[in-house]
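One structure below.
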Amino acid sequence: MKRILIIGATSAIAEHCARIWAARGDALHLVARNEQHVQVIASDLKVRGASEVTTYVTDLNNMDKHEELLDVADAALGGVDIVLITHGTLSNQKSCELSVKETLAEIQTNALSTISLLTLNANKFEAKQSGTICVISSVAGDRGRASNYVYGTAKAMLTTFTSGLRQRLHKFNVSVVTIKPGFVDTPMTSELKKGFLWAKPSAIAARIVDAIEKKNTEIYMPSFWWLIMFIIKSMPDKLFRRTSI
Ligand SMILES: NC(=O)c1ccc[n+]([C@@H]2O[C@H](COP(=O)([O-])OP(=O)(O)OC[C@H]3O[C@@H](n4cnc5c(N)ncnc54)[C@H](OP(=O)(O)O)[C@@H]3O)[C@@H](O)[C@H]2O)c1
């Protein structure tokens, strides 16, 4: 039985991960900002077999609450084995271009709030010399593109931060798993036109749970995104800036 803290627990990808863990009888502590939604998910997870489900409600941009939320999770679960951090927003690139305030708010939600949680959690896991931290970054962080470079910048921060954290924590028996999904059909992307590159959140969740189990490092999901991003990253800037990829 694993003790799992899920931060951003109303995310569709997080909910599908939680269903897999619940079916295994794991104990779950869910953190989200929407109280009603997280209670519905918690009740469902109990029915699905979770040995225990507790909740904590906060807006994750309220970083003053981060220490408290991690302490509450520790107390609720009697110690944490796995932390999954999933919250995020798909930035409106056009309005960010017109507003510094909105740009910085997007960086706050998609990077700084997560970096705060990672730092606090890393120190807890380092002290007890065990644990797995998993964060959802994105392929969007691999190269800045005109269509979504604000969101991409935030995700690049997470990818780089977790790379350093992984190296720092390796000698303390703490794993850091960075997930880089491509397009996933969730509420975040409900307004985007879907095509053959799109994945279901249940499929991504199954791979996330597996990656955590195997203590993988940085993984593209589905794996074909490795090739797509390799090609995009390899393009010389002279050519890349003329494209609309
Ligand atoms: N879907 C994709 O194509 C895709 C691709 C690559 C990476 N990702 C990443 O995957 C992760 C999960 O997203 P998803 O696809 O599962 O989308 P989702 O279902 O829309 O989940 C996003 C979650 O983030 C929460 N959230 C946003 N801001 C928050 C805040 N300030 N405080 C607390 N919670 C906050 C939302 O809460 P509310 O429900 O209360 O709004 C929602 O539960 C995100 O980090 C996203 O960037 C998604």
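Here, each number is a calculation from the coordinates, and none is a lab measurement. No experiment lies behind these values; they were computed from the predicted model shown. Neighbour counts are summed over all protein chains in view; Cβ atoms, including those assigned to glycine, are modelled from backbone coordinates with ideal geometry.
At a glance:
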{"item": "Ranked by how many other beta carbons lie within 10 Å on average, peptides 28-38, 206-216 from highest", "result": "28-38, 206-216"}
{"item": "Ranked list, fewest to most other Cβ atoms within 10 Å of each Cβ, for Ile228, Ile245, Ile136, Ile219", "result": "Ile245, Ile228, Ile219, Ile136"}
{"item": "Pair Ala75, Ala23: separation of 7 Å Cα→Cβ label points (nm)", "result": "3.4 nm"}
{"item": "For Val177, residues with placed amide H under 5 Å, excluding near neighbours", "result": "Ile133, Cys134, Val135"}
{"item": "Crossing angle, helix 35-47 versus the chain [Cα axis fit, 0-90 degrees, rounded to tens]", "result": "60 degrees"}
{"item": "Sequence of Cys17, Cys96, Cys134 once ranked by neighbouring C-beta atoms within 10 Å, starting from the fewest", "result": "Cys96, Cys134, Cys17"}
{"item": "Long-range amide H partners of His29 with built H, under 5 Å", "result": "Ile4, Leu5, Ile6, Thr54"}
{"item": "Rounded to 10°, Cα long-axis angle of helix 66-77 versus longest principal axis of the chain", "result": "40 degrees"}
{"item": "GNM top mover of Lys124, Lys46, Lys233 - the chain, alpha-carbon springs below 10 Å", "result": "Lys233"}
{"item": "Shape call, region 139-245: gyration tensor on alpha carbons, a/c limit 1.5", "result": "oblate"}
{"item": "Note, ³J(HN,Hα) from phi for region 161-167, Karplus 6.51, -1.76, 1.60, rounded to Hz, x at Gly and Pro", "result": "4, 5, 5, x, 5, 4, 5"}
{"item": "Burial order of peptide ranges 190-197, 8-15, 162-169 (average beta-carbon count within 10 Å, highest first)", "result": "8-15, 162-169, 190-197"}
{"item": "Gaussian network model of the chain, Cα within-10 Å springs - most flexible of Pro187, Pro222, Pro201", "result": "Pro187"}
{"item": "Acute angle (nearest 10 degrees) that the helix 225-234 long axis makes with the longest principal axis of the chain, alpha-carbon atoms", "result": "40 degrees"}
{"item": "Region 82-126 and region 149-211: distance between their alpha carbon centers, rounded to Å", "result": "13 Å"}
{"item": "Karplus (6.51, -1.76, 1.60) ³J(HN,Hα), θ = phi - 60°, over region 138-152, in Hz, Gly and Pro reported as x", "result": "6, 4, 4, x, 6, 7, x, 10, 3, 6, 7, 6, 6, 4, x"}
{"item": "Extended-chain gain in nm, criterion 0.36 nm per residue less alpha-carbon gap, Ser99 and Gln167", "result": "20.9 nm"}
{"item": "3J(HN,Hα) from dihedral phi, region 10-17, Karplus parametrisation 6.51/-1.76/1.60, rounded to Hz, x for glycine, proline", "result": "8, 5, 4, 5, 4, 4, 5, 4"}
{"item": "Among Phe230, Phe125, Phe161, residue whose mean-square fluctuation peaks in a GNM of the chain (springs only between Cα atoms under 10 Å)", "result": "Phe230"}
{"item": "Neighbour-count ranking [beta-carbon atoms within 10 angstrom, fewest first] of Asp64, Asp59", "result": "Asp64, Asp59"}
